[in-house]
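Participant: Pasting a structure here, questions to come.
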């Protein structure tokens, strides 16, 4: 690569922004008794370091599961343990059993932030750089610009370096998985994805497209010959990597069941806090949580999720292609986010990752989606006192996207990948030519509502009757937009091959 | 926001660069700020709550007003915005007051006044000839120059972390240079005169301005061999220049003259009681001199040539501004430094007179003036290196030889700013930003001049690479060794001595190139 230095510059910019954001406050700073995710991660270090592995997921006098009990898969626990060993060397007080609860200091914050940066630097950032370098039919400059935009995506930066989590680890592994299976390293790809799954169970949002894509590949090679071999190899890889990660827990049935119960807390309700998904938005009009019995809620959400992601998945099985795979990742993750049970607002990051990957194909819509996704987390970010970094990083991201893709010039049907869809609609509705214009208007309106709502949330006090008025509004508005995006991405997937056939005809 | 996007989407890379760096500055708001933050808060309070007659007498805080009157008026103007943020910061008695609103206001005031700097960079980019412009945007000299100036590492950390207002002052200087390039001499002179009354450190480069304007503006023609044609002297131009300088000075100092406070003002502006070197040694000639003295004294003690009881205990790097007594070498007085500085400046001035090369020659002379005073001046701050680095950026995109000097000067000069930020959270920031700027400047200039000979010889490469191990030693190894208590000055001494070598080398190389360059009139075909 002749312009390696530009890529280096871009990575350094990404790192600088990450570290400067990390100087800000974190979730639950100085808010006893429960604090926030920062304390949760510290607490896990304390637990994993001081307790034997068999007790990690069990309630005991030393491990009160109600106080940030471990509820992520084993890989997260191992990561915590690793960090704890480092912490032990620097200052044993940080992870002392019981006494370290709610520990906060400038040095400790620095340590925790550094662990995030190192994990990010080792896993997520190399994956992004490699992904951009592997892109085809693009000039080096475009590749670099693409990497800049992905690295500047504000949602991930703000949650990992502001709020405090390690999403870049699981998303990074998932990205390695995507890279692997897209470039015919199927086994390594599935291994990477298994690691992602074992780091955060939320990666299940991505699992169906992986499954369908790999299955489709096997079908394509013929289930009686090479396909079967590949399928067996894949199955072995997945089973082996899972067993390896779960080794201390699979020996006893009770252990494994307890971990699973911790990972999937079905009794925690349909949604938590304010999420920009269907159920939370519906609850404005209809309190589903209270009307329907618990198991019905689970069934309904399951059915809706399945229905909304089925078409794209079926299509992927029969026509597996890296491009289709990326778009299916988007729609599947988005369906899960919108319809599934027990969704967190941060789960939108799982949708944002695949959207980042299609940034170069549909820059206008992707930028729009990524802006909305960051906006949907506004209540959370405001609670963490992250207004300033949010505004700044969002603007930086927007400028980066606008300059590197000149997105406003790319709103024709062709560039929105809606050409074939429009052509098929025009067979019935000849006057259907207004789509690009409508989308432009919608974008403008959406940006205006987002800016206005942000301003209102920041400056106005909500009426006493509805203390959550603004956060509910934010979620509702974002949810509407996400529904629109779900339809849009499904259209792209469904009309994809037709356009290719048309192109071949015209060629 | 949409309008902003439209503005940037039209291929307007300059505004994207400027906005990008502005946003980065906003992200730096929560970082560490030095005592200069309190200095400027105190000046806000003084100018806001006291009558003009007391500005230069007030001494409740140890950070008395020691900038020229225009800067005081600038603070006065700012204070009228500040009162809408937090009235309390304008109270002279409120020492070390730093509420979050005060912080926000002060930080934003720096970011906001940087608009002048951005404009100046924009004007400077117009002045350089884009003949060599490649096909790609990132390889155009204008693009590279604007990155080098807008994203300058030194300005970012000195202004937006450490806290100062160098951005808009540098903006004034760059703007006046740009005006001289555009043949708008009067405007350039006016801007520089105003600048002098904002911050008197720019006196260092005043000789270059004075002589250039006299030689190339007041004398309107040259003989064919390039020497001055004495009868072409325009008296009118000299008078108008003088009038500008006089009027600006009258505006600035007049009120204090009327109050007969001029001696007091000057005693504040030129505090010769301070030591030879700033608390941390700026990497100049005296740093080498002091380092040599220290080494000699240690050797002397080891060999029992010196009596330990006679050695003054004051350590120069203990953090306070204090006098330092040399143990072996003769002590240095302000007069000596003044003479050294003048001697160092003289050749470049002669060059400007006898070998006029238009604005480019002036720029070289200006950089030499700044560098020479940095090398030999009394009580030089390490930040003063920016005075040479920023104008040097303009030269760097023009010629491979200049680019090479620029890179050595910038990299060492910037590295020498590291001790300004000594807190742990800022460590990654300074390393990342430094890497960002250094990687970009070296690689982009290498790409720009790839058809010419390599920018560095093996010795220079080796020297620059040595900065890495030096940083690792000073920040990551040294604090964990047993020397930490006994030789606490060692990292600073190493840093400044190591950087002093590079800067001296760059200064010397630039001097050689200026003195040996053939006059431009012979090389250029008219």
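Participant: Report, by residue number, each residue of segment A:387-408 that is in a helix (DSSP H, G or I), farther than 18 Å from residue A:160 by Cα and facing chain B (nearest Cβ under 7 Å).
Facilitator: A:395, A:398, A:399, A:402, A:403, A:407, A:408
Participant: Assess whether residue A:447 counts as being within 11 Å of chain B (Cβ to nearest Cβ), within 23 Å of residue A:158 (Cα to Cα), in a helix (DSSP H, G or I) and without any contact (Cβ under 8 Å) to a residue 24 or more places away in the chain.
Facilitator: Judged against the criteria, residue A:447 is not a match.
Participant: With segment B:1-113 as the region, which helices (runs of 4 or more DSSP H) entirely inside it contain at least 2 residues that are away from every other protein chain (no Cβ under 14 Å) and without any contact (Cβ under 8 Å) to a residue 12 or more places away in the chain?
Facilitator: Numbers: elements: B:2-9, B:13-27, B:35-49, B:69-85.
Of the helices (runs of 4 or more DSSP H) lying wholly inside segment B:1-113, those with at least 2 residues that are away from every other protein chain (no Cβ under 14 Å) and without any contact (Cβ under 8 Å) to a residue 12 or more places away in the chain span B:69-85.
Participant: Among the helices (runs of 4 or more DSSP H) lying completely within segment A:257-369, list those that include at least 2 residues that are surrounded by fewer than 20 Cβ atoms within 10 Å (Cβ to Cβ).
Facilitator: A:288-291, A:294-318, A:322-339
Residue by residue, here is whether (1) free of Cβ contacts under 8 Å to residues at least 60 places away in the same chain; (2) under 19 Å from the mean Cα position of the chain (by Cα) holds:
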residue	(1), (2)
A:154	no, yes
A:159	no, yes
A:166	no, yes
A:173	yes, yes
A:177	yes, yes
A:186	yes, no
A:199	no, yes
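Participant: Of the residues in segment B:342-374, how many are within 19 Å of residue B:384 (Cβ to Cβ) and buried (at least 24 other Cβ atoms within 10 Å of the Cβ)?
Facilitator: Number satisfying all stated conditions: 12.
Participant: Exactly one condition in (1) within 26 Å of residue A:12 (Cβ to Cβ); (2) within 14 Å of chain A (Cβ to nearest Cβ) is false for residue B:480; which is it?
Facilitator: So the condition that residue B:480 fails would be (1).
Participant: Which numbered condition in (1) without any contact (Cβ under 8 Å) to a residue 40 or more places away in the chain; (2) in contact with a helix residue (DSSP H, G or I) (Cβ under 8 Å, 6 or more places away or on another chain) is the only one that residue B:346 fails?
Facilitator: Condition (2) is where residue B:346 drops out.
Participant: Let me ask something else. Count, please, the residues in segment A:73-121 that happen to be assigned to a helix (DSSP H, G or I), within 14 Å of chain B (Cβ to nearest Cβ) and over 30 Å from the mean Cα position of the chain (by Cα).
Facilitator: Total meeting the criteria: 2.
Participant: Among the residues of segment B:438-464, how many are surrounded by 17 or more Cβ atoms within 10 Å (Cβ to Cβ), more than 9 Å from chain A (Cβ to nearest Cβ) and part of a helix (DSSP H, G or I)?
Facilitator: Residues in segment B:438-464 being surrounded by 17 or more Cβ atoms within 10 Å (Cβ to Cβ), more than 9 Å from chain A (Cβ to nearest Cβ) and part of a helix (DSSP H, G or I): 7 in total.
Participant: Another question, if that's okay. Any chance segment A:147-160 includes a residue that's away from chain B (no Cβ under 14 Å), at pLDDT below 95 and under 22 Å from residue A:28 (Cβ atoms)?
Facilitator: no
Condition check ((1) modelled with pLDDT of 90 or more; (2) in contact with a helix residue (DSSP H, G or I) (Cβ under 8 Å, 6 or more places away or on another chain)) across all residues:
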position: B:372; (1), (2): yes, yes
position: B:380; (1), (2): no, yes
position: B:392; (1), (2): yes, yes
position: B:396; (1), (2): yes, yes
position: B:407; (1), (2): yes, yes
position: B:465; (1), (2): yes, no
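Participant: Then there's this: I'm trying to understand the selection: among the residues of segment B:409-425, which are surrounded by 22 or more Cβ atoms within 10 Å (Cβ to Cβ) and in a helix (DSSP H, G or I)?
Facilitator: Result: B:409, B:410, B:411, B:412, B:413, B:414, B:415, B:418.
Participant: Give segment B:425-437 a look and list any residue that's within 21 Å of residue B:503 (Cα to Cα) and either more than 14 Å from chain A (Cβ to nearest Cβ) or free of Cβ contacts under 8 Å to residues at least 12 places away in the same chain (or both), or say none. Walk me through how you get there before you give the answer.
Facilitator: Within segment B:425-437, the subset within 21 Å of residue B:503 (Cα to Cα) is B:430-431, B:433-437.
Residue satisfying the conditions is B:435 alone.
Participant: Could you pull out the residue among A:175, A:204 that is at pLDDT below 95, outside any loop (DSSP other than H, G, I, E, B) and within 17 Å of residue A:329 (Cβ to Cβ)?
Facilitator: So the residue among A:175, A:204 that is at pLDDT below 95, outside any loop (DSSP other than H, G, I, E, B) and within 17 Å of residue A:329 (Cβ to Cβ) is A:204.
Participant: Could you check segment A:28-50 and list, in sequence order, the residues that are surrounded by fewer than 16 Cβ atoms within 10 Å (Cβ to Cβ) and free of Cβ contacts under 8 Å to residues at least 40 places away in the same chain?
Facilitator: Those that are surrounded by fewer than 16 Cβ atoms within 10 Å (Cβ to Cβ) and free of Cβ contacts under 8 Å to residues at least 40 places away in the same chain: A:31, A:34.
The values are calculated or read from the model by the stated rules, or taken from the named source; none is laboratory data. Because the structure is predicted, anything quoted here is derived from the model rather than measured. So basically every Cβ, Gly included, is an ideal-geometry build from the backbone, and we count neighbours across all protein chains shown.
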